[in-house]
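Report on one structure; see the data block that follows.
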Amino acid sequence: MKVLGIDIGGSAFKGAPVDTKTGRLLAERHRVEITSPCPTAEGLAAAREIARHFQWRGPVGIGFPGIVLGDRSGPVGNLGKNWEGLNLAARFNRATGGDTHVCNDADAAGLAEMKFGAGRGFPGSVLMLTMGTGIGSALFYQGRLMPNLEFGHIPWQGRPIERFASAAVKKRLDLSWRDWAKRVNQFLAVVERLCAPELIIIGGGVSKKSDRWFHYLKAKARVVPARLQNDAGIVGAALAWEQGAEKK
Ligand code: BGC
């Protein structure tokens with residue numbers, strides 16, 4: 001089945017049509033930059049622009065950077081508080097003109113890695129982490145997702161830990177890979193104390209450069225880079241649409 005996958009990040013909306021059987025993108029991804037925090041109208045226009053770019057009329061799966069309960073948003077991370085408590089499915093439906101399903105962005109990335117990437121066939125507990133503007137997290141056990149896990153919001157020195165250890169912090173403070181990895185190790189130590197996953201998959205832009213910093217990591221679990229790298233969020237948003245449709 002062909003679904004338009006859209007991944008909403010802290011600095012851009014990225015989308016492409018996805019073949020959900022193979023996990024392949026059917027065209028080069030289209031990226032629309034946004035301001036941060038992002039006014040709702042601007043975000044909806046970005047989704048509209050992605051659908052227009054691909055002249056899309058079919059189903060649309062969206063990975064959203066906050067808690068998603070059914071069709072509605074709960075607390076939101078870096079996109080902006082104005083996105084909280086909205087009927088996201090209805091708004092994105094109107095914006096894109098396609099039947100829309102919305103889920104958390106890290107849950108989407110995890111679904112893609114479990115089906116087509118680094119978690120494929122892994123029977124135990126798997127934690128997917130996405131390192132970008134924030135830190136996204138998704139936990140799987142025997143291939144099943146526990147949705148809306150927000151490890152990036154663990155309190156740390158009075159703030160969410162993602163403001164201490166995300167990839168955006170590395171950039172903002174111009175940290176070396178080594179100094180940033182020390183922060184990631186502090187995050188991983190807390191996370192491992194809370195859920196002791198057997199495998200940790202790390203995605204986001206920094207996963208492309210895993211050779212620069214993975215050797216500094218001290219997790220007990222095996223840590224691997226996401227195999228779909230930056231496409232995981234787009235592919236997974238499309239998969240989540242399909243799973244949502246199966247449940248209807
Ligand atoms: C949000 C999460 C999201 C993560 C990555 C956090 O700020 O609360 O829901 O998965 O950023 O985008």
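Under the condition of being polar (S, T, N, Q), buried (at least 17 other Cβ atoms within 10 Å of the Cβ) and more than 12 Å from the ligand (Cβ to nearest atom), the residues counted in segment 126-145 number 0.
Summed over segment 188-215, the residues that are of a type in the set (Asp, Glu), assigned to a helix (DSSP H, G or I) and touching a Lys or Arg at 6+ places or on another chain (Cβ under 8 Å) give a count of 1. What number of residues in segment 184-204 are surrounded by fewer than 16 Cβ atoms within 10 Å (Cβ to Cβ) and within 18 Å of the chain's Cα centre (by Cα)? Matching residues across segment 184-204 total 0.
For segment 53-79, the set of residues classified as more than 8 Å from the ligand (Cβ to nearest atom) and polar (S, T, N, Q) consists of Gln55, Ser73, listed by residue number.
Of everything in segment 217-248, what is among the charged types (D, E, K, R), assigned to a loop (DSSP other than H, G, I, E, B) and either in contact with a strand residue (DSSP E or B) (Cβ under 7 Å, 6 or more places away or on another chain) or surrounded by 24 or more Cβ atoms within 10 Å (Cβ to Cβ) (or both)? Give them in sequence order. If the condition is that a residue be among the charged types (D, E, K, R), assigned to a loop (DSSP other than H, G, I, E, B) and either in contact with a strand residue (DSSP E or B) (Cβ under 7 Å, 6 or more places away or on another chain) or surrounded by 24 or more Cβ atoms within 10 Å (Cβ to Cβ) (or both), then no residue fits.
Selection of first residues in segment 182-200 that are within 18 Å of Met146 (Cβ to Cβ) and of second residues that are charged (D, E, K, R) and exposed (fewer than 15 other Cβ atoms within 10 Å of the Cβ), restricted to Cβ pairs under 6 Å at least 6 apart or on distinct chains, gives the following pairs, ordered by first then second residue: Glu192/Lys220; Leu199/Arg222.
All of (1) touching a strand residue (DSSP E or B) at 6+ places or on another chain (Cβ under 7 Å); (2) under 15 Å from Leu88 (Cα atoms); (3) of a type in the set (Ser, Thr, Tyr) hold for Thr40 with one exception: (1). Condition test on Asn148, is it in contact (Cβ under 8 Å) with a residue 60 or more places away in the chain, more than 20 Å from Trp213 (Cβ to Cβ) and buried (at least 17 other Cβ atoms within 10 Å of the Cβ)? In short, yes. Note on segment 186-238: residues that are at pLDDT 95 or above and on the phi > 0 side of the Ramachandran plot amount to 1.
The values are calculated or read from the model by the stated rules, or taken from the named source; none is laboratory data. Just so you know, these numbers come straight off a predicted model, no measurement behind them. Every residue, glycine among them, receives a Cβ derived from its backbone with ideal geometry; neighbour counts consider all protein chains shown.
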